[in-house]
Amino acid sequence: MKNLHFLVIIGLTSIIFGCKNSENDKVINAGDLKTGGKLGDLTLSGVNKEADVLTLEFSDEIEVEGLMIFDQSPTMISIDKSVLKGKVDFNGKTIDLSGYETVSFTNYEELAKYIPLEWREESMTDDWQLKTEKNKKVKVKLKINNITFNSECPFPVSANITEVLAFDGKTSPKAVSASKSKKIKAKLDMIVLASDGGWSQFTDEYGQTYMFFDDGNEQLHENIKDINPNSTDHKYKNIWFDIEYKTVSLPFYDGGTGNTENRDVEVITSISVSGKSDKSKSAIIADLTKMEFGAPEDPEWSLKFFDDYMLFSRDYEASVVKLSYKSIEEGETETRITGGNLSDPNKGSDFIVIMKKEHCELSMGYENFPYSMSIKSEGKTICTGCGKYVK
């Protein structure tokens, strides 16, 4: 009798486990998948069957845990438990959704902002990368949504991070402080207005392009103003700037998802005109030949520019000096020209001509001018006046 009971128990156990295995091994035809239906524990919000590609979207928000695999294209997590469940027959091929052990993220910045600065190292392709000894060793716990499966993607399971619940053993982690400031010398390409805010694009001395988010920095607005957005034709295109910048994590609204997400962006902390000009010496001289400078009063003087020399006259041309172009430095608002005395080469002191872009008036009631000029010799200012372009 005991043996009979034992056989009955074995039989029931076989039936129970046989049913369970049968359920796990059940293969669902992709054609039967519908929006709003269930697949495993998750609800389908989109089903797309196109040629050889099956794309499934899920509406649920869930929690996952695992080891972070950090790479800016893309960042992933090696999950402890499968996000997806079930088997699907698609075009005669069985896809086991529980067999995918990683989830890639559409917003890696949400994890990046918790990575300590000392874990980061310079990268040839990105601004920084995670040190090898930390990669695949940091455990994280996340809330994710917008879960998607794509049968032809190199990383088939992707999701959006909505919250970082734990990072490297710390619950409710705090974002790290901004990175250290960096310095470059660069010129402005354009001011860009986009749906996510204002940006300034610069190119440095080595051809590297930088995009800086406009976080309201007053120095930036003081140094660069009154130009049309999204245009490369502006008055600053030949001006070099000394720039300090840093990387910070800032919130941005995503109109596509309706979520506000943090992104790492570079912002300018300090900017000033460096005085270095991109214009050639001949190009600067060509501009100057179109202008006239002087003052009609005590002492009367004028300065005229030609392609190969300058003529400085005083006292109604009673005294005329021919000057060479020894050096020219052009900044945003000031041009400095050093002229050698060609009329008297033995005269030791050079003439220093300083032209500034500023409002200028002459004391005898003449018209206003857009440029001022002063001329120095032997360390003393010998005359001041105004200038303008000649039509």
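Structural remarks
- Heavy-atom accessible surface of segment 160-212: percent carbon and sulfur, 1.4 Å: 50 percent
- Approximating the spin labels as points 7 Å out from Cα along Cα→Cβ, the residue 196-to-residue 304 distance works out to 5.7 nm.
- Based on protein heavy atoms only, the chain ends up with 57 Å² per residue of surface accessible to a 1.4 Å probe.
- For the chain, convex hull of alpha carbons as volume per residue, Å³: 228 Å³
- The calculated 222 nm mean residue ellipticity attributable to helices in the chain amounts to -3000 deg cm²/dmol, summing -39500 (n - 2.57) over DSSP H runs of n ≥ 4 and dividing by all residues.
- Cross-link pairs 131/185; 49/87; 290/326; 113/141; 139/246; 85/170 - those with Cα-Cα distance over 18 Å: 131/185; 290/326; 139/246; 85/170
- Gain on full extension, evaluated as 0.36 nm per residue between residue 211 and residue 139 minus their Cα-Cα distance, stands at 22.7 nm.
- The simple Förster model, with R0 at 41 Å and r as the Cβ-Cβ distance, assigns residue 181 and residue 230 a FRET efficiency of 0.90.
- Interatomic Cα distance distribution for segment 128-190, bins of 5 angstrom, percent: 4, 11, 11, 16, 19, 13, 9, 10, 7, 0
- Label point at residue 270 placed 7 Å out along Cα→Cβ; residues across segment 221-257 whose backbone nitrogen lies under 20 Å: 221-224, 240-248
- For segment 121-256, alpha-carbon Rg relative to the globular expectation (2.2 N^0.38 Å, N residues): 1.36
- Contact order, relative form, for segment 133-190: 30 percent (alpha carbon pairs under 8 Å, 6 or more residues apart, mean separation divided by residue count).
- With the convex hull drawn over the C-alpha atoms of segment 160-205, the volume per residue is 154 Å³.
- Candidates 75, 269, 338: whichever shows maximal mean-square fluctuation once the chain is modelled as a Gaussian network with Cα springs under 10 Å: 338
- Label positions at residue 361 and residue 50, each projected 7 Å from the Cα along the C-beta direction, are separated by 6.8 nm.
- Rolling a 1.4 angstrom probe over segment 236-391 with all protein chains present gives an accessible area of which 45% lies on carbon and sulfur atoms.
- Where the alpha-carbon atoms of segment 257-378 are placed on the principal axes, they occupy 77, 37, 26 Å, in descending order.
- Evaluated with a Cβ-only charge set (Lys, Arg +1; Asp, Glu -1), the chain carries a dipole of roughly 1000 debye about its Cα centre, given to the nearest 20.
- Among 286, 159, 51: highest mean-square fluctuation, GNM of the chain, C-alpha pairs under 10 Å: 51
- Cross-link reach is defined here as a Cα-Cα straight distance under 12 Å, omitting same-chain residues fewer than 8 places apart; for residue 180 the aspartates and glutamates meeting it are 118, 244, 266.
- Our note on the geometry: Cα centres of segment 297-330 and segment 55-113, 75 Å apart.
- The chain: most fluctuating residue of 346, 228, 91 per GNM, C-alpha cutoff 10 Å: 346
- Eligible aspartates and glutamates near residue 356 by straight Cα distance, threshold 13 Å, same-chain separation 8 or greater: 329, 330, 332, 334
- Taking only the Cα atoms of segment 243-323, the ratio Rg/Rh comes out at 1.45, with Rh defined as the Kirkwood radius.
- Full extension of the chain segment joining residue 94 with residue 327 gains 76.2 nm, where the gain is 0.36 nm per residue of separation less the Cα-Cα distance.
- When GluC sites (Glu not before Pro) are flagged only if DSSP places them in a loop and at most 13 other Cβ atoms lie within 10 Å, the longest unflagged stretch of the chain comes out as 1-121.
The values are calculated or read from the model by the stated rules, or taken from the named source; none is laboratory data. Worth saying up front: this structure is predicted, and the values here are computed from it rather than measured. Cβ sites come from the backbone with ideal geometry, for glycine too, and all protein chains shown count toward neighbours. What goes into the accessible areas is simple: the full protein's heavy atoms, side chains included, and nothing from ligands, DNA or RNA. Shrake-Rupley method; radii C 1.70, N 1.55, O 1.52, S 1.80 Å.
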